Amino acid sequence: MVIYNDVLETIRMLEEKLDIRTITMGISLLDCFSDDYKVTATKIYDKITRYAKDLVKTGEDIESEYGVPIINKRVSVTPIALSAMKNRDQFVHLAHALDSAANEIGVNFIGGYSALVQKGINASEHEFIASIPQALTETSCMCSSVNVGSTKSGINLDAVKMMGHIIKETAYLTREADSIGCAKFVVFANAVEDNPFMAGAFHGVGEGEAVINVGVSGPGTVSSAIANMKGEPIDHICETIKRIAFKITRAGQLVGNEASKRLNVPFGILDLSLAPTPEVGDSVAAILEAMGLEKAGTHGTTAALALLTDAVKKGGIMASSHVGGLSGAFIPVSEDAGMIDSVNCGALSFDKLEAMTSVCSVGLDMIAIAGDTPAETISAIIADEASIGVINNKTTAVRVIPVYGKGVGEVAEFGGLLGYAPIIPLNKYSSADFINRGGRIPAPIHSFKN
Amino acid sequence: MKAVITVIGEDKTGIIYKVSKILYEMNINIEDISQTIMQKYFTMLMLVSIPQDVKISELTEKFSALKEEGLSIQVQKTDIFDSMHKI
């Protein structure tokens, strides 16, 4: 029996931008890799277009039947570095195969041009990493990621060092479009194998043949509910967030199950992340401000974000049979109108963002920095962020965009879901000698649990 | 297939007529109906059963003609409400 109030509440939540952020189909490419790069490329293209040919249509059908918007349909694949190609040109050839397959089936993004090098880099992986800037420049919807550290194995500082240069080169090659190539590249520590969100999605080697992962969203529904709770104790706020997270997650679970049934692919996980968009009313910063902070980024922001992330997880965990991915709250600066405002008025600094990443679900995300930032400084930012993840047993990531030709005070325009971002000032002192040491930072003491 | 049709818009004559006419033409049976005026907005909920051969997208398309008259109409399968609001 459908209750009148439940229907109206659902309609109101939809108006407040409750949505399913993404249905991501993970596809294993392990059986496509051969010693001939052309054969590999053909097999990759054929397999993706065969498995995911109905993904977009299925998403659209479910959207129209349940009235819940499904913003993105995506594909993630086995990390391409595992194909062990001989040189960077061969890897770029595979990047084109991924991109063509994605365009053919009409998905928004394809992820998995990735490497896992948290402990060491072999010769082929070296070539793979070197191919990333060119691959990102020559493709339209392909995303790339590299995992450089984990709690179990420590941080590969040699890889971290390379990342600064890769990001700078990508920024240069895509300089005509405000270095947008960097928006499709993320550096992880403790990367998860079932993340449905871009740019970091890939289909881990422990995953099955194919899987459907769903990411939910809806920060607007949370901020609207909290806005009506002025003066109430913080426990009540936590309770309200839990209730909303539960309902959003249930919607996601329903969509995931339906998609899995119709596509005949097993349901993997539901990722409970609150992901903002540049639209007004769809902001994580607005939730923090509704809790009583004048601007996101002021003192108290870390505490507010910590309780938000925790309450979202607690509310969602009972609503879904399989929770996974990153699950928490995302704080991508350029994709969140409230975060952009906070940076513009000086309330939110780079250092505060770093502190916030120790309690949110991911990391330093979609932050525009000056184009002349040294590669070593970018590597040092990655080393800091990876350390937060490795020490705290959580995923952290860095997606920064050194906007070529622009400096602090200017604005980078990415368009669409990626939004725009004011360029944020960084610490001006050098980290070069530290980064250039290379080597490997050992795993922390609490990783020895066997 | 059971679905809920939610109609929200400014109150005026003929809303129920126009909505139920489309339902009649598509052979959709109305099982329950409730309506109220909230502030000055007409709000109507209909529980309907949709025949197997009718797609919700076709129905939504027909309703989109009523958008010009200031009516916002949503058609949603009932599972979404059961999932979200029941444990």
*Distance from region A:296-341 to region A:395-413 (C-alpha centre basis), Å*: 22 Å
*Any idea how many Lys pairs in region A:1-135 come in under 29 angstrom at the alpha carbon, given 8 or more places apart or on separate chains?*
17
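Extension gain A:T298-A:H446, at 0.36 nm per residue separation less the Cα-Cα distance, in nm? Spell out each step's value before the answer.
Details: separation 148, 0.36 × 148 = 53.28 nm, distance 3.21 nm.
Taking 0.36 nm per residue and subtracting the Cα distance, the gain is 50.1 nm.
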_Modelled FRET efficiency - R0 35 Å, A:D384 with B:S72, Cβ distances, 0.05 increments_ = 0.15
*Hey, how many Å between the Cα centroid of region A:227-289 and the Cα centroid of region B:1-71?*
28 Å
*Roughly how many percent of the accessible protein surface of region A:216-353 is carbon and sulfur, given a 1.4 Å probe and a whole-percent answer?*
53 percent
*Lys/Arg +1, Asp/Glu -1 at C-beta; chain A dipole; positive extreme among A:V211, A:G111, A:N392*: A:N392
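For chain A, what's the relative contact order in percent, using C-alpha pairs closer than 8 Å and at least 6 residues apart? Kindly include the intermediate steps, with their values, before the conclusion.
Working: 1057 pairs, mean separation 79.1, N = 450.
Normalised by residue count, the contact order of chain A is 18 percent.
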*region A:168-202-region A:9-67 distance, computed between alpha-carbon centres (Å)*: 19 Å
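Counting residues in chain B as N, plug N into 2.2 N^0.38 Å and put the Cα Rg over that result.
Values: Rg = 12.9 Å, N = 87, 2.2 N^0.38 = 12.0 Å.
Cα Rg divided by the expected 2.2 N^0.38 Å: 1.07.
Please state, to two decimals, what the Cα-based radius of gyration of region A:1-84 comes to when divided by 2.2 N^0.38 Å (N = residues).
Details: Rg = 18.8 Å, N = 84, 2.2 N^0.38 = 11.8 Å.
Output field value: 1.59.
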*asked:* Given points 7 Å out from each Cα along the Cα-Cβ axis, report the B:D82 to A:E413 separation in nanometres with one decimal.
replied: 4.9 nm
*Under a plain spin-label model, where a point goes 7 Å from the Cα along Cα-to-Cβ, how far apart in nm are A:H322 and B:V54?*
3.6 nm
_Solvent-accessible area buried by pairing A with B, both sides, nearest 100 square angstrom, 1.4 angstrom probe_ = 2300 Å²
*Please give the solvent-accessible surface of A:H126 in Å², to the nearest 10, using a probe radius of 1.4 Å with every protein chain present.*
90 Å²
*Run the 1.4 Å probe and let me know the accessible area of A:K47, rounded to the nearest 10 Å².*
10 Å²
*Can you give the accessible area of A:E127, probe radius 1.4 Å, in Å² rounded to 10?*
40 Å²
*Before rounding to the nearest 500, sum -39500 (n - 2.57) across all DSSP H runs of length at least 4 in chain A and divide by the residue total; then give [θ] at 222 nm in deg cm²/dmol.*
-13500 deg cm²/dmol
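Where the only charges are on Cβ atoms (+1 Lys, Arg; -1 Asp, Glu), what is the dipole of chain A about its Cα centre, to the nearest 20 debye? Walk me through the numbers before you get to the answer.
Numbers: 37 positive and 51 negative charges, 179 e Å.
Computed about the Cα centre, the dipole is about 860 debye.
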*For region A:219-313, evaluate the Debye formula with one uniform point scatterer on each Cα (no solvent term) and list log10 I(q)/I(0) at q = 0.13 Å⁻¹, rounded to two decimals.*
-0.49
*Considering only DSSP beta bridges where both residues belong to region A:25-189, give the percentage that are antiparallel (nearest 5).*
10 percent
*asked:* Give me the percent relative contact order of region A:25-189, please, defined on Cα pairs under 8 angstrom at least 6 residues apart.
replied: 21 percent
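Just for chain A, what percent of DSSP beta bridges are antiparallel, to the closest 5?
Values: 17 of 49 bridges.
In chain A, approximately 35 percent of DSSP beta bridges are antiparallel ones.
Where does the protein assembly as shown land on Rg(C-alpha)/(2.2 N^0.38 Å)?
Details: Rg = 24.0 Å, N = 537, 2.2 N^0.38 = 24.0 Å.
Here the Cα radius of gyration is 1.00 times the empirical estimate.
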*Put simply, what bits of region A:58-105 lose 40 Å² or more of accessible area when the other protein chains are there, versus the chain on its own (1.4 Å probe)?*
A:S64, A:E65, A:Y66
*At q = 0.16 Å⁻¹, work out log10 I(q)/I(0) for region A:25-189 with the Debye formula, treating every Cα as an identical point scatterer and leaving solvent out; two decimals please.*
-0.91
*Report in % the part of the accessible area of region A:25-189 that belongs to carbon and sulfur, leaving out ligands and nucleic acids; probe 1.4 Å.*
50 percent
*Which sequence of B:K67, A:K247 reflects their accessible areas, 1.4 Å probe, from the largest down?*
B:K67, A:K247
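How high is the relative contact order of region A:68-119, in percent, counting Cα pairs under 8 Å that sit 6 or more residues apart?
Details: 45 pairs, mean separation 29.9, N = 52.
With pairs under 8 Å counted, the relative contact order is 58 percent.
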*asked:* Report the gain in length on full extension from A:K230 to A:H93: 0.36 nm times residue separation, minus Cα-Cα distance, nm rounded to one decimal.
replied: 43.7 nm
*Quick one: which bits of region A:1-47 get at least 30 Å² less accessible when the partner protein chains are in, versus the chain alone, with a 1.4 Å probe?*
A:M1, A:V2, A:Y4, A:D6, A:V7, A:L8, A:T10, A:I11
*Note the full-extension length gain between B:E25 and B:E61 as 0.36 nm times their separation in residues minus their Cα-Cα distance, in nm to one decimal.*
11.6 nm
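Measuring with a 1.4 Å probe in the full set of protein chains, what accessible area per residue, in whole Å², belongs to region A:114-229? Provide the component values of the computation, followed by the final result.
Details: 3170 Å² over 116 residues.
I get 27 Å² per residue for region A:114-229.
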*Once you have a ≥ b ≥ c as the square roots of the Cα gyration tensor eigenvalues for region A:128-213, tell me rounded if a/c is under 1.5, and otherwise prolate or oblate according to whether a/b is larger than b/c.*
oblate
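The values are calculated or read from the model by the stated rules, or taken from the named source; none is laboratory data. As the structure is a prediction and not an experimental result, all values here were calculated from the model. Cβ atoms come from the backbone with ideal geometry, glycine included; neighbour counts cover every protein chain shown. Only protein heavy atoms, including side chains, enter the accessible area calculation; ligands, DNA and RNA are left aside. Shrake-Rupley method; radii C 1.70, N 1.55, O 1.52, S 1.80 Å.
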